[in-house]
Amino acid sequence: MIVDRRKGVAILVRESALPLLLLAAWDFVVVILFQVYHQEWMEQPTLPLSLIGSALVLYLNVRNTAAYNRWWEGRTLWGAITNNSRSFGRQASTLLRERPDLACAMAAYPHALRGALGRVDVSEDLRRLLTPAMYEAVMAKTNRPNAVLYQIGYGVTEEVTRRGIDGAVHGQIDRILSDLANAQGGLERIRNTPLPIQFSTVPRLLVHVFCLVLPLSMVQTLGWITPLGSSLVGLLFVGLDKVGSDLEEPFNSTPHGLPMRTMCRTIEIDLLQGAGVPAEGPLAPVKGVAP
Amino acid sequence: MIVDRRKGVAILVRESALPLLLLAAWDFVVVILFQVYHQEWMEQPTLPLSLIGSALVLYLNVRNTAAYNRWWEGRTLWGAITNNSRSFGRQASTLLRERPDLACAMAAYPHALRGALGRVDVSEDLRRLLTPAMYEAVMAKTNRPNAVLYQIGYGVTEEVTRRGIDGAVHGQIDRILSDLANAQGGLERIRNTPLPIQFSTVPRLLVHVFCLVLPLSMVQTLGWITPLGSSLVGLLFVGLDKVGSDLEEPFNSTPHGLPMRTMCRTIEIDLLQGAGVPAEGPLAPVKGVAP
Amino acid sequence: MIVDRRKGVAILVRESALPLLLLAAWDFVVVILFQVYHQEWMEQPTLPLSLIGSALVLYLNVRNTAAYNRWWEGRTLWGAITNNSRSFGRQASTLLRERPDLACAMAAYPHALRGALGRVDVSEDLRRLLTPAMYEAVMAKTNRPNAVLYQIGYGVTEEVTRRGIDGAVHGQIDRILSDLANAQGGLERIRNTPLPIQFSTVPRLLVHVFCLVLPLSMVQTLGWITPLGSSLVGLLFVGLDKVGSDLEEPFNSTPHGLPMRTMCRTIEIDLLQGAGVPAEGPLAPVKGVAP
Amino acid sequence: MIVDRRKGVAILVRESALPLLLLAAWDFVVVILFQVYHQEWMEQPTLPLSLIGSALVLYLNVRNTAAYNRWWEGRTLWGAITNNSRSFGRQASTLLRERPDLACAMAAYPHALRGALGRVDVSEDLRRLLTPAMYEAVMAKTNRPNAVLYQIGYGVTEEVTRRGIDGAVHGQIDRILSDLANAQGGLERIRNTPLPIQFSTVPRLLVHVFCLVLPLSMVQTLGWITPLGSSLVGLLFVGLDKVGSDLEEPFNSTPHGLPMRTMCRTIEIDLLQGAGVPAEGPLAPVKGVAP
Amino acid sequence: MIVDRRKGVAILVRESALPLLLLAAWDFVVVILFQVYHQEWMEQPTLPLSLIGSALVLYLNVRNTAAYNRWWEGRTLWGAITNNSRSFGRQASTLLRERPDLACAMAAYPHALRGALGRVDVSEDLRRLLTPAMYEAVMAKTNRPNAVLYQIGYGVTEEVTRRGIDGAVHGQIDRILSDLANAQGGLERIRNTPLPIQFSTVPRLLVHVFCLVLPLSMVQTLGWITPLGSSLVGLLFVGLDKVGSDLEEPFNSTPHGLPMRTMCRTIEIDLLQGAGVPAEGPLAPVKGVAP
């Protein structure tokens, strides 16, 4: 996630440079064909362009709203992971004092989830935070975050049995594990259900078609400054398309994805400090982007 | 659900080919009548077209938002089915060790639900996962997913009585069954309540009328390239209409429906593995579409 | 609720015929005055019309979204009634075996609610499903659905006392009665709080004014085909206004209201079959409309 | 709240008359200056007006959606007050039979809330429904509805102690008091947090500026009928602004506010009848407005 | 938060003065170049401007809706803080009578939260409300509001143990602490996750580009009154951009942020009065702005 606005603009400019240059090149081809070689069949009246433009903008806005809602729902569910792991720390602080391995396992949970959502390798973090036995058990499963929750559940049940803890307290801790499972299910839902291609690929194709037609329609009125006008309009449409496609997959590893590594580290620090285990410091943004 | 974007575009092109070809044919008829036979009564000024076009796009966007919300609510409710069946597996893992038939029955539940929502035959899956007695009892009812929940409820109550399990634990399992019933009720609501025809059939009719008038209004300014301009605008409107009609029924069996078979298999694997029963592998997408 | 799309279109055409004919008649008056009697004071430039048209469409869309949300919220609350009455059936199946009158009373509850929301007479259904004593007690109250819930509550309490049922089980049943009361309160809220007239009557007035001005503004450019152009635009605006006004009152008895009788019958069948009481079959749609 | 649509339109016309007359007067000044005194510097091409108009309509719609959501959220929270006070009546009917003063106090609660939200004097209603001791205690506090809840809570606790009522039942009643406190907090939130002035005062200013410029831009094309065209457009914009400003404060005492007195009376009747205390009849709308 | 509309308009005018003056200056430069030095290469037809303008307005509205939702979600979460701290006061009133320090600590909690969200120094308020021991413990932690909750939790547990309070009562108080932690987590989420720069910096850049091009496109039709027309349009666009950027960060210290100090004081008064500790009066708005 971009946290430094100045550097963020530079990132956006870099990402948009290629399509805009291609568009500008096409504009010049059209202008030269029209102004130098007088290809007058290129003239087109303006009606369809204006109507298509308005329709496209409205469509892109509907798509962008859906993409932003996915992004924000993903963030809200990560917030639920944070809140519940913190509550696990507070409520179980009496229980966990003799079992710092459970607090460490809970600190490993968001890492396992981050690995599953972003399809990245997190075995280093899991090895660091889990006991060897837990690590073996978790790595053997396909759904590793779920396996971490199972291990925590087993540990909690052991402690409850060993120390004769009241059932109501056990119930409250179990409810937190269920809430974590629900938030995890929501995150997997966003991960496994991409925006329908009617809202992802189709708008992009329409924007490309629109940008191809754009200079043809402008050249007879704008003449030599067509590239300027066309680029200005193209910039807006390419930009509107980019807004949605940047946000629609909140767990990818571009600068626009959610800062999952930063959030995992935050949770880790809270839990390890609470259990009296030394913790590393928070992650700093890299080139204006929280990783 | 389309999971491969490249193949998905091919599917969309195939589905849209016929209406666009019909529109292009009509465009040619109009152009020839106007340019060759000089039917000048066809000339129409542009005002109503532009206004109608804008109004139609706005209307289609409102409809498409409603259709997408139905689709996403359906997916979210299937997510609740997944989460709760997974929680049933985890919380009841001590209870179910001697009763793998209950885990299998829970694995049969989403299949029964899929059969009811998509009006497809799932008796093969039910026979495979339910005991013969349960199978008979379930097939005799109209609302089969509800009947599966009843059977699971009876089995849980038996175990609770036989092993003297605490009432609070029983209550927690029962709550999961209630949550499953609520999610099922929500899915049935979407299934049984189509979008009002004011948001489904009417927009399509208006798009058709609009596409008929389109070349009439363009022909006097665009001349021989009318089919190009008209097809471009028509493509956009037919496309916008298609977005909504593809998503408004999330349980149909087109490539745009929710991947209910894939989700059922995922739930099945989780539950059977947890109960120590051998399970089949996950379903692969077919031609870019998750079934 | 219209369930047959083909017949639904016929219904919409029938309902819209009168205003469209009136509009066409007015169009002809204007054309004849202008073309035959050359009333040139009628000429108007196009600016205000196009701006007013766009503004009106946007306003209608905001209103239609609000109206659709009311309709869908009403449907969702009826879904909560269905889910909770079904849960009442399942959880209380042991309790109700000796008290089929309570299941019948629960089956009467949605009928009482339907009567209150749609202001129709449901005494026949109540007499059929309630015991004579309950029927007397319920008919004496103003808020009859609430009175049915009271009667069920009294019966449940009796059984709880008589058979020494555990307080937790009683609490669960009571929670269902509270959830039903909440859903009922939500339905009454929609019923008693119409859309503000700024969103119901005002848009209709503006559409009427707009349709009156429409031919005046078109006649000088369109000439004799004014009625065609004006009707086309008028159809769109009258249609957009109709979408919202059809959906804004989800409990009225037009073909666009929620199918409350069908839903009541579905609930009735589920509950009576569960209690071993013979039930009537489901209601079939009448002329494409679920009653 | 306006419940009679016919009279409601009359109210809207009356409220909008002054600004529309002022606008018409300004239109005439412009026309006369232009047509009679030929102040040609007034001529303005149409571009900015059309663009500003579209932008303004979109902005007003965003604002109106926010205002309507506030209004509807207020109504929903009042619905929660109604539901919970009704549940208090039902669940506590055994407890309250010997304490009708508590039912009366609950009937006084919405009046106290109405007084706090609308900043009106409700001491008459409170005196009528509360015991003298309660009345003294409540009037001494700043947050009177909260004080009424405290008094009810004390009374319930007394009864629980005196009659040895089970803790679970007490817990259920206390949960209702908490739900009432939450709904009250939501209503106070809407009351104390006006729409940001960017969504309240700014749109109105922009509409006024727009209406001032309107005739200047129309006069050269419309000539003598400028006042007609300008009033038509102005009516639409003044109307759109009015929609939002009428709804943005749901607790004010204009005809557009929520019918708090009517709702209070409804709650009062339900509770008093349930406790066997004679109650007044429901409030009738006054001139088409439910008070 | 601005509470006085009149003064609020003055604030907005002051904040917008600089960009509008710069725009007007640029307008004059363009007019003089065009009218006096006849730089005719500046002439541009109007098509792209009108299309860009509409697209930009739609985009700004999508962004403004997202920003307003952030602002309103922040306010709602602060409402949850208020409700739950009030419930803590009511439910724990028996428990806290001998422990006013806990009520004071709860009154310190929103101050600690305000300090964390707004990055301001609140040590004075914490010192005033916390006991010295608590103050030391809280100031030593990074997440101070969370540390205050821990301290309250320890105090409650002490009282529960010392006076042998029932577990259910303890559970209810603990649930309130969890709800406070959830609301706090939501507020931190809004604080730490800015709007994506696609919705914050990009719209502003596009508005600036648009305002630069504006007079170039208007000058050939508007001539000497270009600055007037351009300023009018520019005012609208700068204003629309400002609406969103004012609201997108609800916890900053501009006049548009949430009135966190006022809300903290309100909570403080309720809790201290309830615990019998003398409290300061409510905060008055300063120059029309609630701090």
Accessible area per residue for the protein assembly as shown in Å², computed with a 1.4 Å probe and the full protein assembly in place, what is it? 40
So if I restrict to the alpha-carbon atoms in segment B:156-291, what is the Rg, and what is Dmax, the biggest pairwise distance, in Å? 25.4, 86
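From Cα pairs below 8 angstrom and at least 6 apart in sequence, can you work out the relative contact order of segment A:54-199, rounded to a whole percent? Can you show the working numbers first?
Numbers: 96 pairs, mean separation 48.0, N = 146.
This gives 33 percent for segment A:54-199.
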For segment E:50-65, which residues drop by 50 square angstrom or more in accessible area between the chain on its own and all protein chains together (1.4 Å probe)? E:51, E:52, E:55, E:58, E:59, E:61, E:62
Going 7 Å from Cα along the Cα-Cβ axis for the label, what nanometre distances separate residue D:36 from the same residue across the other copies? 3.9, 3.9, 6.3, 6.3
For a quick check, take a GNM of chain A with Cα springs below 10 Å and name the residue from A:269, A:11, A:165 with the largest mean-square fluctuation. A:165
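Classify segment E:86-234 as rounded, prolate or oblate, taking a ≥ b ≥ c as the square roots of the eigenvalues of its Cα gyration tensor: rounded when a/c is under 1.5, otherwise prolate if a/b is larger than b/c and oblate if not. Before the final figure, lay out each step's value.
Working: a/c = 4.13, a/b = 3.50, b/c = 1.18.
Prolate.
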Between the alpha carbon centres of segment B:226-285 and segment B:77-93 the gap in Å comes to 22
Please work out which residue of chain B brings its Cβ closest to the axis of the rotation superposing B onto A, and round that distance to whole Å. B:54, 5
State log₁₀ I(q)/I(0) for segment C:113-168 at q = 0.13, 0.25, 0.28 Å⁻¹ as given by the Debye formula over alpha-carbon point scatterers of equal weight, solvent excluded. -0.39, -0.97, -1.12
Report the Stokes-Einstein translational diffusion coefficient (µm² s⁻¹, integer) for the protein assembly as shown, Rh taken as the Kirkwood radius over Cα pairs, at 10 °C with viscosity 1.306 mPa s. 46
Averaged across the residues of B:173-182, what count of C-beta atoms belonging to other chains lies within 10 Å of each residue's C-beta? 3
Run the helix sum for chain E: -39,500 (n - 2.57) per DSSP H stretch of 4+ residues, divided by residue count, reported at 222 nm to the nearest 500 deg cm²/dmol. -26500 deg cm²/dmol
Summarise the partner chain shielding of A:226-235 as one whole number: the mean count of Cβ atoms from other chains within 10 Å of each residue's Cβ. 3
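Checking an interface number: how much accessible area is buried between C and D, summed over both chains, with a 1.4 Å probe, in Å² rounded to 100?
Values: alone 15580 and 15610 Å², together 27320 Å².
The summed interface area works out to 3900 Å².
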Relative contact order (%) - criterion: Cα under 8 Å, at least six apart; region: chain D: 39
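Given the C-alpha atoms of segment C:57-109, compute the convex hull and give its volume per residue in Å³. Before the final figure, lay out the partial values.
Details: hull volume 2.7 nm³, N = 53.
Convex hull volume per residue, Cα atoms: 51 Å³.
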Quick one: which residues, 5+ away or cross-chain, put their amide H under 5 Å from the amide H of residue D:289? H built at 1.01 Å from N. D:3
Can you pull out the GluC sites (Glu not before Pro) in segment A:218-283 that DSSP calls coil and that have at most 16 other Cβ atoms within 10 Å? A:280
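Averaged across orientations, what area in nm² does the convex hull of the alpha carbons in segment B:158-204 project?
Working: hull surface 17.5 nm².
Mean projected area of the Cα convex hull: 4.4 nm².
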Plugging the Kirkwood radius over Cα pairs into Stokes-Einstein for segment E:54-148, at a temperature of 37 °C and a viscosity of 0.692 mPa s, what D comes out in µm²/s? 213
Nm distances between copies for residue D:224, ranked from closest, using label points 7 Å along Cα→Cβ: 3.1, 3.1, 5.0, 5.0
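Per residue of D:71-84, what is the mean number of Cβ atoms on other protein chains within 10 angstrom of that residue's Cβ? Please report the intermediate quantities before stating the final value.
Numbers: counts 2, 8, 2, 0, 4, 5, 0, 2, 9, 4, 1, 3, 9, 4.
Neighbouring Cβ atoms belonging to other protein chains average 4 per residue here.
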Magnitude of the Cβ-charge dipole of segment A:1-158, K/R +1 and D/E -1, about the Cα centre, nearest 20 debye? 680
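If I take all pairs of Cα atoms in segment A:91-139, what percentage of them are more than 13 Å from each other? Could you put the intermediate results ahead of the total?
Details: 654 of 1176 pairs.
Value for segment A:91-139: 56 percent of Cα pairs lie more than 13 Å apart.
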For segment A:149-224 and segment B:101-162, what is the separation of their Cα centres, given in Å? 30
Could you tell me which GluC sites (Glu not before Pro) in segment D:75-155 are loop residues by DSSP with no more than 15 other beta carbons within 10 angstrom of their beta carbon? D:98
Considering only protein heavy atoms and a probe of 1.4 Å, how much of the accessible area of chain C is carbon and sulfur, as a whole percent? 61
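Is there a quick way to get the dipole size of segment B:91-163? I mean about its Cα centre, with the Cβ of Lys and Arg at +1 and of Asp and Glu at -1; what is the value in debye to the nearest 20?
Working: 10 positive and 8 negative charges, 23 e Å.
Roughly 100 debye, rounded to the nearest 20.
Quick one: Cα convex hull volume of chain C, Å³ per residue? The partial results should precede the final answer.
Numbers: hull volume 39.3 nm³, N = 291.
Given the Cα convex hull of chain C, per-residue volume reads 135 Å³.
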Mind grabbing the base-10 log of I(q)/I(0) for segment A:241-291 at q = 0.25, 0.27, 0.29 Å⁻¹? Debye formula, identical points on the C-alpha positions, no solvent, two decimal places. -0.90, -0.97, -1.03
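Rounding to the nearest 20 debye, state how big the charge dipole of the protein assembly as shown is about its Cα centre with +1 on each Lys and Arg Cβ and -1 on each Asp and Glu Cβ. Could the numbers behind the result be given before it?
Values: 135 positive and 125 negative charges, 375 e Å.
Dipole size: approximately 1800 debye.
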Table column - 3J(HN,Hα) (Hz), segment A:66-78, Karplus curve with 6.51, -1.76, 1.60, x for Gly and Pro: 5, 5, 4, 5, 4, 4, 6, 5, x, 5, 5, 5, 4
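The values are calculated or read from the model by the stated rules, or taken from the named source; none is laboratory data. None of the values given here were measured: they were computed from a predicted structure. When we count neighbours, we look across all protein chains shown, and the Cβ atoms used for this are built from the backbone with ideal geometry, even at glycine. Ligands, DNA and RNA are excluded from the accessible area calculation, which covers all protein heavy atoms including side chains. Shrake-Rupley method; radii C 1.70, N 1.55, O 1.52, S 1.80 Å.
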